[in-house]
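S.K.: Before we start, here is the structure in question, set down as structure tokens.
The values are calculated or read from the model by the stated rules, or taken from the named source; none is laboratory data. All values derive from a computational prediction rather than experimental measurement. Positions of Cβ are generated from backbone atoms using ideal geometry, with glycine treated the same way; all protein chains shown enter the neighbour counts. Side chains included, ligands, DNA and RNA excluded: accessible areas come from the protein's heavy atoms. Shrake-Rupley method; radii C 1.70, N 1.55, O 1.52, S 1.80 Å.
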Amino acid sequence: DVAEVQEANLQCYPLCSDCDEHGMVTPATDVHHIHKLADFPELKYELTNLLPLCKPCHDKRTRRGE
């Protein structure tokens with residue numbers, strides 16, 4: 001189940017990747033699929049396709065169409 005995989009990712013990587021790149025420490029609350037599920041459904045459960053993000057960073061990426 002996708003929710004279980006996402007929860008496992010957040011447990012392993014509890015900080016937002018985008019904030020970390022800017023020197024900030026922010027808890028990750030969302031999981032972003034690096035390769036869109038619509039284009040790559042086979043990567044749905046791949047931990048390497050998941051990026052831990054805080055809600056604002058995830059929303060920003062979603063608005064950009066990522």
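S.K.: State the cysteines of the chain left without a partner when partners are defined as other cysteines whose beta carbon lies under 4.7 Å away.
M.R.: Those would be Cys12, Cys57, since no other cysteine Cβ in the chain comes under 4.7 Å of theirs.
S.K.: Rounded to the nearest 20 debye, what is the charge dipole size of the chain about its Cα centre when +1 sits on each Lys and Arg Cβ and -1 on each Asp and Glu Cβ?
M.R.: 300 debye
S.K.: Now for a separate question. Over all directions, average the projected area of the Cα convex hull of the chain and note it in nm².
M.R.: For the Cα atoms of the chain, the hull's average projected area reads 4.3 nm².
S.K.: How much of the accessible area of the chain, probe 1.4 Å, is carbon plus sulfur, in whole percent?
M.R.: Ligands and nucleic acids excluded, carbon and sulfur reach 56 percent.
S.K.: Straight distance only, please: which lysines reach the Cα of Lys44 with their own Cα at less than 16 Å, same-chain residues fewer than 8 apart left out?
M.R.: Cα-Cα hits under 16 Å: Lys36.
S.K.: Follow-up question, since we're still on this one. Would you work out which of Cys57, Ala38, Ala28 lies farthest towards the positive end of the dipole of the chain, given +1 charges on the beta-carbon of Lys and Arg and -1 on that of Asp and Glu, about the Cα centre?
M.R.: Cys57
S.K.: Can you give me the Cα centroid spacing of segment 12-31 and segment 33-66 in angstrom?
M.R.: Centre-to-centre (Cα) distance: 14 Å.
S.K.: Right, next: Counting pairs of alpha carbon atoms under 8 Å apart in space and at least six apart in sequence, what relative contact order in percent does the chain give?
M.R.: 37 percent
S.K.: At 1.4 Å probe size, with every protein chain present, just tell me what the per residue accessible area of the chain comes to in Å².
M.R.: Result: 68 Å² per residue.
S.K.: Under a plain spin-label model, where a point goes 7 Å from the Cα along Cα-to-Cβ, how far apart in nm are Gln11 and Thr29?
M.R.: Placing both labels 7 Å along Cα→Cβ, they lie 2.1 nm apart.
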